[in-house]
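The values are calculated or read from the model by the stated rules, or taken from the named source; none is laboratory data. Computed from a predicted structure; not experimentally measured. Neighbour counts are summed over all protein chains in view; Cβ atoms, including those assigned to glycine, are modelled from backbone coordinates with ideal geometry.
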Amino acid sequence: MVEPIFITPYFLDYVLPLVLVFTLIFAILQKTQLLGEDKKQIDALVGLVVGLILIAFPGPRSIVVLLMPFLAVSAVILLVFMLLYGFIANAKDGNVLGDYWKWAFGAILFVALVSFLLMITGYWDFVWDLLFRGRGGQIFATVVMVVIIAGAIIAVIRGGGSS
């Protein structure tokens, strides 16, 4: 059976890192105009040389290849968070929610997103056991109680108006 071109090792290990590094170097050189204005050919040549040097060395190439899935997953997680937070905090008609409500809903959304990520990656049981079983449960309960007390103190100090 013939393997699709997009999942062959040569494509994943050589072509994609070359194109990525070439594009990044070219864009940086174009934006900064480091080599002069209207020097697209020189910028492209420098980007190509840096990309070819990258794929010639296995160590840096493997770092780039291994970082890209992390970048993609992180970008998707950030996109989902920003979309959901936009539903909560960004009203066109004015400030519907107060700043404290935005922070509260943002914190709830953050905890929900982290919990969901832990569940779908299979680390939920490990984190649950770490936080709530044995010695970890006592430490977690103590930290939560200290945070609640500190929050109450801050609320009393900030909420107290001038008499």
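Output the residues belonging to the stretch 1-45 that are surrounded by fewer than 10 Cβ atoms within 10 Å (Cβ to Cβ) and charged (D, E, K, R).
Once the filter is applied, which keeps residues that are surrounded by fewer than 10 Cβ atoms within 10 Å (Cβ to Cβ) and charged (D, E, K, R), the stretch 1-45 yields GLU3, LYS31, GLU37, ASP38.
Looking at the structure I just gave you, is GLY137 at pLDDT 75 or above and exposed (fewer than 10 other Cβ atoms within 10 Å of the Cβ)?
Answer is no for this residue.
Limited to the stretch 107-120, what total is found for residues that are over 16 Å from the mean Cα position of the chain (by Cα) and either farther than 17 Å from LEU79 by Cα or basic (Lys, Arg) (or both)?
Total meeting the criteria: 2.
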